[in-house]
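Here's the structure we're looking at; comments come further down.
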Amino acid sequence: MAGKANRPGYVTKADVFDDLHFPPAEAASLKIKARILSALLKQIRQERHTQAKLAEVLDDYQPNISNLLNGKISKMSIEKLLSYAHRLNLDADISLKFRPRSIRSKKVRVA
């Protein structure tokens, strides 16, 4: 019976932002922010920065650094995250790809 308690109540089939029903544009922005945040946190861990040192390196206020370290990406712009990446000596590379609309996403009009 203990095994049942460890089973997830819901398993995402695609993307968590889509599963949470964010509008497509907002989901796309959050996905990009999450990827940048992941790279930032990895670099911060590798360099073993304290919050005080990070505030100095990123040239930002401590509350913003706290938001960064706690993953509060909704409070930050993509530009701000890219600025942090630059200050941590990370190069950014953005790629876009064409995504054809699926049959399910097309709206059906009934006259």
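Computed from the coordinates by the stated procedures, all read-outs in this text should not be read as laboratory data. Note that the structure is predicted; figures quoted are calculated from it, not measured. Here the Cβ positions follow ideal geometry from the backbone for every residue, glycine too, while neighbour counts run over all protein chains shown.
Quick notes
- Given charges at beta-carbon only (K, R positive; D, E negative), |dipole| of the range 15-92 in Debye: 260 debye
- Projecting the Cα atoms of LEU30, GLN62, TYR84 onto the charge dipole of the range 15-92 (Cβ charges, centred on the Cα centre) puts GLN62 farthest toward the positive pole.
- Filter on LYS31/LYS72; LYS72/LYS97; LYS75/LYS97; LYS31/LYS80; LYS33/LYS72 - keep pairs with C-alpha separation over 18 Å: LYS72/LYS97; LYS75/LYS97
- Extension gain for HIS21-ARG101 works out to 27.0 nm (0.36 nm per residue, less the C-alpha to C-alpha distance).
- The range 15-92 - Rg over Rh from alpha carbon coordinates, Kirkwood radius: 1.00
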